[in-house]
Structures are given as structure tokens and as C-alpha cells.
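To start, the structure itself, in C-alpha cells.
The values are calculated or read from the model by the stated rules, or taken from the named source; none is laboratory data. These figures come from a predicted structure and were not determined experimentally. FYI the Cβ positions are ideal-geometry reconstructions off the backbone, even for glycines, and counts take in every protein chain you see. Surface areas here come from the heavy atoms of the whole protein model, side chains and all, with no ligands, DNA or RNA. Shrake-Rupley method; radii C 1.70, N 1.55, O 1.52, S 1.80 Å.
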Amino acid sequence: MSQRLLHVNGRDCAVQATAGTSLLTVLRNDLGLNGPKYGCGLGQCGACTVLVDGVAARSCAMPVEGVGGREVTTLEGLGRRDALHPVQQAFVSTQAAQCGYCLNGMVMSTVALLRRTPRPTEAQARAALSHNLCRCGTHLEILAAVQAAAQAMAERG
């Protein structure tokens, strides 16, 4: 076990972890960040998605040693309860969540999408979110949330 230095949600963190420990395990168990969820453990469902240097990444399949010196952002790092990130607010406003299984991955993937494509078409949004599994079938509301977030972010400049 060795000390790992991470930069998570704008702050430096030192954690003890063995080589190969997943970033998800460290985020949830050591740092108490419960936005990213454990889903499949294989990086296929998207529930564990975080941003690494602004790019959506599957934290369950990423060893913690792979993020040293990089900026990791979790759902908790996007906004606050009294000031939600526009993507979080759009998901609330459009009622895009039901069970919550996919919510973290959908929100984080949407943030990454809107950073690289501020006004995505429906096809671009579908493609960007296609690797996030949704059990409830709120796909139409999720797509509406993407468009609402894009509009809100464009208006705020």
C-alpha cells in the first residue's frame, strides 16, 4: 500500500491505496464521494463516470495510479445544493431521473459533451450518451435535459 496524491473536485487529496485499486473505490470508500456509482465493475454501464481532465471516464475500470496529476471531477464537484450546475438543474427540471442508477453517468457524460459540443444535435447527444445504460427508460427526458442544459449554458455565456 502506498500514498497516492489526487486532485479531486478542486482540492488535493492524499489516500493510501494498493496498485490496481480502482479510482471508483478510492472516491467512494476513502473520499466519501457517492456520486459515482458501482454498477457493472467493467466500465460498460456508465454509472461510475467521472471527468478526468474534462473527459468522461469510467472510474471502476481506471486504476487510481492513472490519475495522479490529473483533475478528477465527480458529480459532487459540479455544483452545490443551492447552486446546481446547469446540467444538474436541467435534469431536475425535465424530471430526467427515476431510479437514479444511470443519473451520475448521464449527467457527467452530458457535461463532457457540452464542453466539446456546446449545441449538440439530438443525434450527437444520443451518440454521446449511448454507452450509459438506463434501466427506467427515461431516454426522452434525458435528451430534453441535454438540450435544456445546452440552452442554459449558452444563455449564461
Whole-Å distance linking the alpha carbon centroid of segment 36-54 with that of segment 102-136 is 13
Summing -39500 (n - 2.57) over every DSSP H run of at least 4 in the chain, dividing by its residue total and rounding to the nearest 500, the 222 nm mean residue ellipticity is -9500 deg cm²/dmol
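Helix check for the chain. Which DSSP H runs span at least 18 Å along their own axis by Cα, with a mean Kyte-Doolittle hydropathy no less than -1.0?
Helix filter hits for the chain: 103-116, 139-156.
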Those trypsin sites (Lys or Arg not before Pro) from segment 113-157 that are DSSP loop and have at most 15 other Cβ neighbours within 10 Å turn out to be ARG135
Ordering VAL55, VAL50 by the accessible surface of their heavy atoms, 1.4 Å probe, largest first, yields VAL55, VAL50
Expressed per residue, the solvent accessible area of the chain in Å² (1.4 Å probe) is about 51
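Whenever you get a sec, compute what percent of the accessible area on segment 114-157 sits on carbon and sulfur atoms (1.4 Å probe).
53
What net charge is computed for the residues neighbouring VAL72, neighbours being all others with C-beta under 14 Å from the C-beta of VAL72, Lys and Arg scored +1, Asp and Glu -1?
Value of the local net charge: -1.
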Per the C-alpha gyration tensor (a ≥ b ≥ c, the square roots of its eigenvalues), segment 114-157 is rounded if a/c is under 1.5, else prolate if a/b beats b/c, else oblate; here it's prolate
